[in-house]
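Asker: Sharing a structure here in structure tokens format.
The values are calculated or read from the model by the stated rules, or taken from the named source; none is laboratory data. Keep in mind the model is a prediction, meaning the values are calculated, not measured. Positions of Cβ are generated from backbone atoms using ideal geometry, with glycine treated the same way; all protein chains shown enter the neighbour counts. Side chains included, ligands, DNA and RNA excluded: accessible areas come from the protein's heavy atoms. Shrake-Rupley method; radii C 1.70, N 1.55, O 1.52, S 1.80 Å.
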Amino acid sequence: MLPSLLLFRFFRFLLPPCLLSLVYLYLYPVFHSCGFPSPSSQHASPASCAFDGAGAPLHTSTLPKVAPFRLLTLGDPQLEGDSSLPDTKHAKFPSLGHIWQDVQAGAYRRAWEDSKENTALFFTKGIPSVLESYRKRIDLFGNDFYLAHIYRSVHWYSNPTHVTILGDLLGSQWITNEEFARRSDRFWSRVVVGGEKVPEAIMNSSTSEILGVEKSWKNRIINIAGNHDVGYAGDMDDDRVARFETAFGKANWDIKFTLPIANETATEQEGHEDIQPVAPPTLRLVNLNSLNLDTPAFSTDLQLKTYTFLNDIITSAQDVEDRTQAIVLLTHIPLHKENGTCADGPFFDFFPSWTGLNVLAGGVKEQNHISSDVSSSGILQGIFGLSGNPAAPGGGRGRNGIILTGHDHVGCDVYHHIKIPTISEMEIGQENEEQTQPSWNATRWGAASSLVDDPNVNGVREVTVRSMMGDFEGNAAFVSGWFDETIGEKGEWRFEVNTCALGVQHIWWAVHIGVLLVVAVLIASIVTFILEERYVQNRRIGKAVDISPSKEKVRANSEVKKGVDKRDKEVVARRT
């Protein structure tokens, strides 16, 4: 069998699985049904107020098929760079000049020992470190495009109204400004191609917009500060926060999105000055830097800014009785949970008294969760107004909303809740001074349906989004928010979450390497076929050239023979 035919058959064998894997890779959101939860599929109420993706009011008899607020949520891409490359200091061959100096000084034994040691290091550590460095560089290059493929695919297929990345955009807070600039450029030019930073004018003031009117939000990336971006409280300084905010956006800011008032409501209000204007349903998006909520902190000024922002959110929030408004809290570090609830349990570590680094001695070095006190008082009770006190405003039910966090790469979905004590329990508590107050608990969302429906339990959902890194299967979360007028007296916002994963990064590598292999085999088969054709053609030409001299020789021999025969006849004639 000709080599070209063998290669072409190999190409035909590889082509179908290559095409199938390529189709899967680039259309995986279709195969996995990646997308936002639909309001109509979650609730089939016959009478509800609905708005389409552009914010326009629809018919009020059914819920919309598409939620007006669709937040594509990604977590912890952690772009690495030069700090992750192996040390190649042993990659240089031992200096002969250094050895010659030892020889000239008469230190022959030292020269011999140094040469043996350096040569051994060169072959055992130097060469492997260089090879590993090249492998790592290729891995970093591919990882950028793996993350970019996830963002591009789910963004294209799901059609979000907003996009957020929940911190740890980069892989280390200890990198130099030059390396930070290189990774930031890779983030914008490779990973989120077409994405843009939220305008400074929006982040610098608490503005309000009609949801769906400004279409550019689809490409604006709401970046949350992570510990690998700016550090924890014990090492976060002004320079790190400043470079992050310059490249990716402010660490603390908020914005409100309102649904448009239906035409019927607007018509009723026209010409009636005595009628109190109806406030439209409002969604408040809060970007909170949770990295310096706990103490001790290196920069008290930065911590004060975060505390001030948190207090402003609390004091400017709507009344807890008003369920037509909701809060979407975006932050990096998850709220406190008991050990075993999620993959990461409660954990704090602090810097020692001296490290040689520009950090606060005794400051927060690492943490898995926001502390219990800050989680309950600052966020659950503060921002959301939740309480276990039945005498609290709104019965302690608090403000509607959802919390989205990162940091825990495995991801988690819980319901933070607190039980309202019954009258008998309150009476027992008054009689027994040692009676403990209601405490906060976190239950996995899948097992919390009875708690959510219990009128004596107040709570809010927190979704810790699984990392989009390859080791965690390239995950993405899809958060839908819509206003359901059938809930309560005036209606409430509802939120639902879907998740979707591409698979480990090896899938991306295998598919593209497979494509390169198929192309290489095809090219090899074509080149081999051309060479075979030239070889056959040259052989035919060669045979034609060899045949011509043979005919000449035969012709010459024939003439010689004729001449000999003629001479023989003449000789015979003379003799006779």
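Asker: Can you pull out every residue in the range 400-415 that is open to solvent by 10 Å² or more (accessible area, probe 1.4 Å) and of a type in the set (Ser, Thr, Tyr)?
Answerer: Result: Tyr415, single match.
Asker: Oh, and also: Scanning for something open to solvent by less than 40 Å² (accessible area, probe 1.4 Å), in contact (Cβ under 8 Å) with a residue 40 or more places away in the chain and within 20 Å of Arg494 (Cα to Cα), does the range 300-317 turn up at least one residue?
Answerer: yes
Asker: Could you please find all residues in the range 455-488 being part of a loop (DSSP other than H, G, I, E, B) and either out of contact with any Lys or Arg (no Cβ under 8 Å at 6 or more places or on another chain) or crowded, with 21+ Cβ neighbours inside 10 Å (or both)?
Answerer: Within the range 455-488, Pro455, Val465, Arg466, Ser467, Met468, Met469, Gly474, Glu485, Thr486 meet the criteria.
Asker: Taking the range 155-202, which residues are acidic (Asp, Glu), outside any helix (DSSP H, G or I) and open to solvent by 50 Å² or more (accessible area, probe 1.4 Å)?
Answerer: Of everything in the range 155-202, just one residue is acidic (Asp, Glu), outside any helix (DSSP H, G or I) and open to solvent by 50 Å² or more (accessible area, probe 1.4 Å), namely Glu196.
Asker: Here is a further query. Select, from Glu485, Glu496, Glu462, the only residue that is modelled with pLDDT under 95, of a type in the set (D, E, K, R) and in the same structural domain as Leu285 (by the TED database).
Answerer: Glu485
Asker: Could you tell me whether Ala233 is under 18 Å from the mean Cα position of the chain (by Cα) and part of a loop (DSSP other than H, G, I, E, B)?
Answerer: No: the conditions fail for Ala233.
Asker: If I go through the range 500-512 residue by residue, how many of them are open to solvent by 60 Å² or more (accessible area, probe 1.4 Å) and without any contact (Cβ under 8 Å) to a residue 40 or more places away in the chain?
Answerer: Number of matching residues: 1.
Asker: Another question about this same structure. If you check Ala44, Ala54, which single one turns out to be closer than 30 Å to Gly474 by Cα and modelled with pLDDT under 55?
Answerer: Checking each option against the conditions leaves just Ala54.
Asker: Which one is most open to solvent (accessible area, probe 1.4 Å), of the residues in the range 207-240 that are of a type in the set (S, T, N, Q) and out of contact with any Lys or Arg (no Cβ under 7 Å at 6 or more places or on another chain)?
Answerer: Selected residue: Asn219.
Asker: Next up: Does Arg243 satisfy the condition of being over 23 Å from Phe141 (Cα atoms), among the charged types (D, E, K, R), open to solvent by 10 Å² or more (accessible area, probe 1.4 Å) and assigned to a helix (DSSP H, G or I)?
Answerer: yes
Asker: Turning to a different aspect of this structure: So, Thr528, is that one at pLDDT 95 or above and β-branched (Val, Ile, Thr) or not?
Answerer: no
Asker: Another question, then. Can you pull out every residue in the range 195-236 that is at pLDDT below 95 and on the phi > 0 side of the Ramachandran plot?
Answerer: Correct list: Gly212 only.
Quick grid of which residues meet (1) touching a Pro at 6+ places or on another chain (Cβ under 8 Å); (2) open to solvent by less than 60 Å² (accessible area, probe 1.4 Å); (3) assigned to a helix (DSSP H, G or I); (4) assigned by the TED database to the domain that holds Leu310:
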residue	(1), (2), (3), (4)
Trp354	no, no, no, yes
Ser375	no, yes, yes, yes
Leu380	no, yes, yes, yes
Gly385	yes, yes, no, yes
Gly398	no, yes, no, yes
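Asker: With respect to the numbered conditions (1) at pLDDT 85 or above; (2) in contact with a helix residue (DSSP H, G or I) (Cβ under 7 Å, 6 or more places away or on another chain); (3) open to solvent by 50 Å² or more (accessible area, probe 1.4 Å), which one is the sole condition not fulfilled by Leu14?
Answerer: (3)
Asker: Read through the list (1) within 30 Å of Gly491 (Cβ to Cβ); (2) at pLDDT 95 or above, then give the number of the only condition that Thr324 fails.
Answerer: For Thr324, the failing item is (2).
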